[in-house]
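A short write-up of the structure that comes next.
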Amino acid sequence: MADRVPLPGSILKKTCCIVVFVCALHLSVTLVYYLSGQDQERIIHFFFQSHTTSPTTTSETPELRTPTGSNFVMVAPQANPVKNELGTKANNLPPCPETPPRLVGPLKIEFNQPVTLEEVKDQNPNVNFGGRFTPNDCIALQKVAVIIPFRNRDEHLKYYLYYMHPIFQRQQLDYGIYVINQDGEGTFNRAKLLNVGYMEALKEYDYNCFVFSDVDLIPLDDRNLYRCFNQPRHLTVAMDKFGFRLPYTQFFGGAASFSKEQYDKINGFPNQYWGWGGEDDDIYNRVTIRGMEISRPDGLLGRCRMIRHDRDDKNADNPERFNRLAHTRQTIDSDGLNTLTYTVIRTEKFDLYTKITVDVGSPPR
Ligand code: UDH
Ligand code: MN
């Protein structure tokens, strides 16, 4: 037979092929059109969203991704990420870079010109009520509560706020400043106030890093990052009053940072050091007893100035400190966060800080 009539099956097959081809063509044209258009970011974001790590959602703590070492590298300032409609939504912001781009390095720190809280406020318009700040162009790597033990040091606090607010902002921290004010005229208890600060700050926000700092210490270089590392961090390693060096290898005084996990691991700080001295060495012991090491910036980046002052009333040398220090191993589990008692007298929110006045009791007789 010369003429074969096409079978109905093969007509169907051809038609199907043409339909599939047209559909594919339509799809790819649509995709190309969208990708080249203004919705590009939205589509890319949609496709890759599940692969990007956000510090707020990852289970890995940010401090574990932060170098322990002292080899800070300054990088050239980067341009701010482009802000668009999407960028204003916090959850669409990129994570802040490991090395904050607007650090300036060595700082001039002096305490001879008086400062007022009004000028500090004017100079820091992005600091929110209560002394809170969050970067607006990226998501901070860590949420840092800055805890300051305090009583009758208002002049020092002004300098602290004057110098530290700009530094913390350049370091792109999501931070809050908490001044823990010991109520009454009893013997001062620095470490217990720090424990109180930890508890109270956590009631307010989901902080994952705690910087504990004396009110009179200011770093001389903003590359000394006041955030958490994969070991507890001693921040004030080269104080002017000690000739810009550690007075002894185990020295842990001044300012230090602990991630929440690190702090919990040592049961916080001791509550039983009344008066001056020893509590910082006890904290050092706690860190080593729990198998951790001290992380530090190098001696140049870790330089800092202390405002000169006389010894305060009710903070005389604690004569018990040497005996207590010999027993940290016995007291670490029986004196600390798990035995902390105190009464908050009042909480005051100021423009540049939150002040919590607390009754910490008095030493046992
Ligand atoms: N603090 C207060 N009020 C006090 C006592 C201590 O706010 O009455 C806080 C404050 O944050 C201070 C920190 O506790 O920075 C540590 O106390 P400190 O500054 O007295 O400790 P430092 O190691 O003591 O600086 C050195 C004593 C200075 C005597 C110098 C005599 N020339
Ligand atoms: Mn001091």
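Calculate, for Arg308 and Gln250, the FRET efficiency according to 1/(1 + (r/R0)^6) with r their C-beta to C-beta distance and R0 25 Å; round to the nearest 0.05. It comes out at approximately 0.50. Per residue, the accessible area of region 291-365 comes to 62 Å² when a 1.4 Å probe rolls over the protein heavy atoms.
Since only Tyr353, His234, Tyr342 are under comparison, the one whose Cα sits farthest along the positive direction of the charge dipole of region 211-365, derived from C-beta charges on Lys, Arg, Asp and Glu, is His234.
The values are calculated or read from the model by the stated rules, or taken from the named source; none is laboratory data. The structure displayed is predicted, hence computed values, not measured ones. Because the Cβ atoms are built from the backbone with ideal geometry, glycine has one as well, and the counts that use them run over all protein chains shown. Please note that ligands, DNA and RNA were not included when accessible areas were found on the heavy atoms of the full protein model with its side chains. Shrake-Rupley method; radii C 1.70, N 1.55, O 1.52, S 1.80 Å.
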